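Below is one structure, written out as structure tokens; the observations come after it.
The values are calculated or read from the model by the stated rules, or taken from the named source; none is laboratory data. Computed from a predicted model, the values in this text were never measured in an experiment. Here Cβ is always computed from backbone atoms with ideal geometry, including for glycine, and neighbour counts include all displayed protein chains. Accessible surface areas use protein heavy atoms only, side chains included; no ligands, DNA or RNA. Shrake-Rupley method; radii C 1.70, N 1.55, O 1.52, S 1.80 Å.
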Amino acid sequence: MRFARNSAFGSRPGSRALQRMVLILALVLLGPLSCFAQTDLTGFWVLKIPRGDGTYRESFFDLKQSGATVTGKIVGFREQEISEGTFKDGRLHFVTTFRRRDQEVRISYEGTVEGEKINMSMSFPGREPTTGVAERSTPEAALPPKPLPLPALHDVPDNGLARTPPMGWNSWNLFNVRIDDATVRGIADAMVSSGMKDAGYIYVNIDDTWEGNRDAQGNMTTNTKFPDMKALADYVHSKGLKIGIYSSPGPTTCQSYEGSFGHEEQDAKAFAAWGIDYLKYDWCGAGRIYKDEDMQALYQKMGDILLKVGRPIVYSLCQYGRVDVWKWGTKAGGNLWRTTGDIQDRWESMERIGFRQLDIASYGGPGHWNDPDMLEIGNGGMTADEYRTHMSLWALLAAPLLAGNDIRKMTEETKSILMNREVIAIDQDPAGKPVKRISQEGTKEVLARPLHDNSIAVGLFNRGDQPAEISVKWEMDDLGGKKLRVRDLWKHQDVEASGDQYSATVPKHGVVLLKVSVAK
Ligand code: GLA
């Protein structure tokens with residue numbers, strides 16, 4: 001750039017230095033402004049991050065740029081304010097934070113602006129950064145669809161399934177989003193070769209992240225991890241097993257894949273055509289459109305549809321136990337309903353969930369079961385005693401037994417817990433009567449459940465951190481005063497019970513599970 005000779009600075013001697021100074025000053029002051037003038041990031045953006053399975057994860061940003069400062073929020077499923085943000089030299093940086101389990105989680109975004117596109121990377125603590133491209137979008141694109149009218153409430157007829165709590169396997173607890181066709185086939189093989197199938201585990205359930213996009217006719221497709229769902233179902237069936245799938249009454253699932261909103265019938269028909277035997281229907285994205293009070297009607301909608309698709313499909317409600325689902329789950333056509341948030345492979349999580357179920361136990365029964373979430377046995381986060389407590393407690397609760405571990409690689413100990421047939425028989429007792437707490441003293445707890453043959457399953461639980469002596473007195477009407485047979489279902493042997501009581505030393509976080517019957 002040159003100044004004109006006849007400019008205000010003219011050609012007077014000594015003016016050169018002045019010219020240079022003014023030039024530098026102008027560049028310093030105007031340089032950044034002219035750069036910002038090129039791209040003002042203010043507005044709506046959509047960031048599409050490829051998941052590697054042919055689908056994209058979309059996040060919408062509402063950005064506001066003022067000088068080098070960027071504020072705004074992530075809109076959509078969960079709104080998160082931008083807590084720090086800058087745009088300097090064509091580089092965008094911002095951070096959002098949210099709280100998870102009492103901890104602050106920071107997600108940081110770094111971007112390079114190229115015209116109207118931003119090449120971005122997004123980093124979650126402890127995970128590899130993911131990359132994608134952000135493009136201009138509109139506020140409307142970020143909005144959830146309008147709610148559809150809800151059906152009037154009525155009682156969905158019983159589908160006759162799940163007379164005992166469903167047993168099988170589910171991909172979520174261990175494989176999470178890393179589940180694909182080959183893994184499901186391998187699990188199905190192992191269900192047979194490990195003896196799980198013979199022990200009663202029948203359903204092989206694919207959880208979230210199998211979904212593709214909808215085609216032009218609105219038909220649901222699978223993503224590239226599941227090239228042919230019908231062929232996979234045929235394979236699972238060829239092993240004498242059944243297959244389950246997952247969807248949501250909302251437009252998106254918990255992992256932001258396509259949900260069944262507005263396509264319920266079309267999807268249920270597709271599931272039936274593929275040969276699906278079990279549907280887990282997870283609220284998640286529906287929460288952006290509907291209120292908790294709408295849940296019964298929405299679950300009922302799918303309950304009604306499943307009865308008409310010409311194939312028996314076990315119906316599993318997953319809405320984390322909100323609005324007392326145990327009071328209406330059966331009416332909505334559910335064979336089981338989650339009663340809690342997600343379980344984790346930790347003693348505190350399993351213990352908290354498991355022992356919280358007792359007050360609602362009476363809502364379960366043949367065809368309709370409380371579901372305190374899937375098993376973590378064999379996933380490595382608990383001791384063998386804790387896993388035996390998990391299995392015993394779930395059996396006493398008549399909970400669905402859906403293994404959540406890698407069936408292809410089980411230790412002998414894991415097998416002995418998951419395939420303890422005497423414990424499974426408690427869970428699967430055909431009477432489906434509820435368990436009761438018969439005593440509680442500090443961290444010592446005794447639960448009992450009447451079985452169909454007038455025997456009683458009794459669990460002596462030690463929730464404390466030291467071994468403890470726990471006693472139980474037979475005061476139950478059916479057993480009082482009679483000669484009893486007491487069997488320890490983990491030792492697989494009958495044990496001596498003196499008179500009308502039994503005592504045992506129970507390890508820390510452990511259990512003694514007994515079956516008490518009148519001696520023949
Ligand atoms: C929710 C459910 C889980 C699992 C995930 C999948 O968190 O409660 O069981 O299905 O969604 O995204």
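The residue pairs whose first member lies in the range 107-130 and is under 13 Å from residue 48 (Cα atoms) and in contact (Cβ under 8 Å) with a residue 40 or more places away in the chain, whose second member is part of a strand (DSSP E or B) and open to solvent by 80 Å² or more (accessible area, probe 1.4 Å), and whose beta carbons are closer than 7 Å, counting only pairs six or more residues apart or on different chains, are 120/131.
Here is a yes/no grid of residues against (1) open to solvent by 40 Å² or more (accessible area, probe 1.4 Å); (2) within 16 Å of the ligand (Cβ to nearest atom):
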site: 296; (1), (2): no, no
site: 304; (1), (2): no, no
site: 312; (1), (2): yes, no
site: 315; (1), (2): no, yes
site: 329; (1), (2): no, yes
site: 342; (1), (2): yes, yes
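Identify the residue in the range 188-232 that is hydrophobic (A, V, I, L, M, F, W, C), within 13 Å of residue 244 (Cα to Cα) and away from the ligand (no atom under 16 Å from the Cβ) and, among all such residues, is surrounded by the fewest Cβ atoms within 10 Å (Cβ to Cβ). The selected residue is 202.
State yes or no: is residue 184 free of Cβ contacts under 8 Å to residues at least 60 places away in the same chain, within 16 Å of the ligand (Cβ to nearest atom) and buried (at least 16 other Cβ atoms within 10 Å of the Cβ)? Yes.
Condition first: in a helix (DSSP H, G or I) and within 10 Å of the ligand (Cβ to nearest atom). Now tell me which residues in the range 169-181 satisfy that. Matches in the range 169-181: 172, 173.
Within the range 406-451, the set of residues being crowded, with 20+ Cβ neighbours inside 10 Å and basic (Lys, Arg) comprises just one member, 449. Taking the range 423-443 as the range and being under 16 Å from residue 167 (Cβ atoms) and in contact with an Asp or Glu (Cβ under 9 Å, 6 or more places away or on another chain) as the test, only 429 passes. From the list 381, 354, the lone residue that is open to solvent by less than 20 Å² (accessible area, probe 1.4 Å), within 17 Å of residue 508 (Cα to Cα) and without any contact (Cβ under 8 Å) to a residue 60 or more places away in the chain is 354.
Does residue 235 count as in contact with a strand residue (DSSP E or B) (Cβ under 6 Å, 6 or more places away or on another chain) and farther than 23 Å from residue 329 by Cα? No; evaluated as a whole, the condition is false for this residue.
When each of 151, 147, 165 is tested for being away from the ligand (no atom under 16 Å from the Cβ), open to solvent by 70 Å² or more (accessible area, probe 1.4 Å), at pLDDT 95 or above and over 24 Å from residue 53 (Cα atoms), the lone residue that passes is 147.
Quick one: would you say residue 275 is open to solvent by less than 10 Å² (accessible area, probe 1.4 Å), at pLDDT 95 or above and at positive phi? Yes: the conditions hold for residue 275.
Figure legend. Inter-residue proximity from the range 188-215: first residues closer than 18 Å to residue 412 by Cα, second residues open to solvent by less than 30 Å² (accessible area, probe 1.4 Å) and within 16 Å of the ligand (Cβ to nearest atom), beta-carbon distance below 6 Å, spacing 6+ or different chains. Indicated pairs: 201/168. Taking residue 240 as the residue in question, decide whether it is in contact (Cβ under 8 Å) with a residue 12 or more places away in the chain and open to solvent by 10 Å² or more (accessible area, probe 1.4 Å). Answer is yes for this residue. Evaluating residue 324 against the criteria (1) surrounded by fewer than 23 Cβ atoms within 10 Å (Cβ to Cβ); (2) in contact (Cβ under 8 Å) with a residue 24 or more places away in the chain; (3) not in a loop (DSSP other than H, G, I, E, B) leaves one unmet condition, (2).
Every residue, every condition in (1) within 16 Å of the ligand (Cβ to nearest atom); (2) polar (S, T, N, Q); (3) at pLDDT 95 or above; (4) outside any helix (DSSP H, G or I), yes or no:
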{"site": "349", "(1), (2), (3), (4)": "yes, yes, yes, no"}
{"site": "352", "(1), (2), (3), (4)": "yes, no, yes, no"}
{"site": "361", "(1), (2), (3), (4)": "no, no, yes, no"}
{"site": "370", "(1), (2), (3), (4)": "yes, yes, yes, yes"}
{"site": "373", "(1), (2), (3), (4)": "yes, no, yes, yes"}
{"site": "376", "(1), (2), (3), (4)": "yes, no, yes, yes"}
{"site": "386", "(1), (2), (3), (4)": "no, no, yes, no"}
{"site": "393", "(1), (2), (3), (4)": "no, no, yes, no"}
{"site": "405", "(1), (2), (3), (4)": "yes, yes, yes, yes"}
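Determine, yes or no, whether residue 258 is more than 16 Å from the ligand (Cβ to nearest atom) and farther than 19 Å from residue 161 by Cβ. Considered against the rule, which asks whether it is more than 16 Å from the ligand (Cβ to nearest atom) and farther than 19 Å from residue 161 by Cβ, residue 258 comes out as no.
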